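The next block holds one structure in the form of structure tokens; read it before the comments.
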Amino acid sequence: MSWETVQLDWDGAVATLTVDRPDALNALNVPTLEAMGEALTEAADDGARALVLTGAGDDAFIAGADIAYMQDLETPKAQEWGELGHDVADALEAFPAPTIAAVNGYAFGGGCEMAMACDLRVASESALIGNTEIDLGIIPGWGGTQRLPELVGDETARRMIFLGERLDAESAAEAGLFGEVVADEDLEDTVTDLAEQLAAKPAVAMRAAKQAINQRHEGPQAAGLTYEQRAFASLFGTPDQREGMTAFVENRDPEFE
Ligand code: COA
């Protein structure tokens, strides 16, 4: 199957899912999220033993959820939008083989959240990452409030989310968000090598290891994700959400209430 803004490529048993909307720095809109969901199903059905998630081009992994689309959403549509993003992040987290985010540039908001839903994260040295939603008058809505503290600890996550911090790759690695940072030109080879190592391991044991690790945060994380989804949707239509997103689209600084 092929999609307009998503590619699924194979190298042996390693599948690579590439988000390909370079004009919008690979920001995620509805068709792209739907295509990602379908591509993940296809990769799982076709027996991928490792999956790489990355973004097309040299600038961005995924610059976030599509702000122009979100700008005028009301709460009911925002609830559906939040669910769609959660479904893709959950599909990544539950993918039956290890997943690697190859973070090759901007990974903000929903991009940071998709990277965090992967098992491992390898970044190029010029990558920038953060849950930056606060500056749009909203909160992380695709798992960031739960997965960021899990990865970087409570204090650092609160600072990042409250301040909308954009961390460079080295700082993100120090915080625990990236497992490895490599020169930009080495990212592809490093990730290919890692994916091949993972794909060569016994698949059934690998799946069991992943599921066992994931069980650790099943209960509290599931409740937190549901809470986050409602809180995220409830912010749509507030003056600060309208102002934050309008300011981005109009390329100016927001003035919050
Ligand atoms: N949603 C929709 N469009 C986006 C986008 C997003 N999250 N991020 C970037 N784009 C678009 C821009 O609107 C611009 O489109 P245009 O050329 O039609 O005007 C294009 O991608 C290039 O972005 P631009 O801002 O001009 O590039 P830049 O190099 O100056 O800055 C960023 C890059 C990533 C720093 C900046 O685009 C940015 O801050 N994006 C928003 C990040 C964010 O808050 N994400 C969280 C969303 S949940």
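The values are calculated or read from the model by the stated rules, or taken from the named source; none is laboratory data. Since the structure is predicted, the reported quantities are computational estimates derived from the model, not experimental observations. Quick reminder, even Gly has a Cβ in these numbers, built from the backbone with ideal geometry, and neighbours come from all protein chains shown.
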Checklist outcome for this item: The number of residues in the range 66-81 that are away from the ligand (no atom under 11 Å from the Cβ) and hydrophobic (A, V, I, L, M, F, W, C) is 2
Next on the checklist: Looking for something of a type in the set (S, T, N, Q) and buried (at least 17 other Cβ atoms within 10 Å of the Cβ) - is there at least one such residue anywhere in the range 197-218?
Outcome noted: no
Item to check | Near pairs, Cβ below 9 angstrom, 6+ apart or cross-chain, from the range 99-115 (under 18 Å from Gly37 (Cα atoms)) to any residue that is within 13 Å of the ligand (Cβ to nearest atom) and among the charged types (D, E, K, R) | outcome: Gly110/Asp66; Gly110/Glu133
Checklist entry - Quick one: Glu155 ticks every box in (1) within 9 Å of the ligand (Cβ to nearest atom); (2) part of a helix (DSSP H, G or I); (3) not aromatic (Phe, Trp, Tyr) bar one, so which box is it? => result (1)
Item to check | Meets criteria (within 16 Å of the ligand (Cβ to nearest atom), assigned by the TED database to the domain that holds Gly164 and not acidic (Asp, Glu)) for Gly85 | outcome: yes
Item to check | Residues of the range 26-53 satisfying the condition of being within 16 Å of the ligand (Cβ to nearest atom), out of contact with any Phe, Trp or Tyr (no Cβ under 6 Å at 6 or more places or on another chain) and not small (Gly, Ala, Ser) | outcome: Asn26, Leu28, Val30, Pro31, Thr32, Leu33, Met36
Item to check | Complete set of residues in the range 225-257 that are among the basic types (Lys, Arg) and in contact with a helix residue (DSSP H, G or I) (Cβ under 8 Å, 6 or more places away or on another chain) | outcome: Arg230
Next on the checklist: Condition check: surrounded by fewer than 17 Cβ atoms within 10 Å (Cβ to Cβ) and within 18 Å of the chain's Cα centre (by Cα). Does Asp168 satisfy that?
Outcome noted: yes
Item to check | Checklist (1) under 19 Å from Gly85 (Cα atoms); (2) more than 13 Å from the ligand (Cβ to nearest atom); (3) in a loop (DSSP other than H, G, I, E, B) applied to Phe178, failing item | outcome: (1)
Checklist outcome for this item: Given (1) touching a residue at least 60 places away in the same chain (Cβ under 8 Å); (2) crowded, with 16+ Cβ neighbours inside 10 Å; (3) away from the ligand (no atom under 16 Å from the Cβ); (4) more than 17 Å from the chain's Cα centre (by Cα), Phe236 misses just (3)
Next on the checklist: Checking Gly12 against (1) within 12 Å of the ligand (Cβ to nearest atom); (2) surrounded by fewer than 19 Cβ atoms within 10 Å (Cβ to Cβ); (3) in contact (Cβ under 8 Å) with a residue 12 or more places away in the chain, only one condition comes out false. Which one?
Outcome noted: (1)
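Residue by residue, here is whether (1) near the ligand (Cβ under 8 Å from one of its atoms); (2) touching a strand residue (DSSP E or B) at 6+ places or on another chain (Cβ under 9 Å); (3) outside any loop (DSSP other than H, G, I, E, B); (4) under 23 Å from Pro239 (Cβ atoms) holds:
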position	(1), (2), (3), (4)
Ala101	no, yes, yes, no
Ala107	no, yes, yes, no
Gly111	yes, yes, yes, no
Ala115	no, yes, yes, no
Ala123	no, yes, yes, no
Ile134	no, no, yes, yes
Ile138	yes, no, no, yes
Gly141	yes, yes, no, yes
Thr145	no, no, yes, yes
Checklist entry - Can you tell me which of Asp186, Asp253 is within 16 Å of the ligand (Cβ to nearest atom) and either surrounded by fewer than 18 Cβ atoms within 10 Å (Cβ to Cβ) or modelled with pLDDT under 95 (or both)? => result Asp253
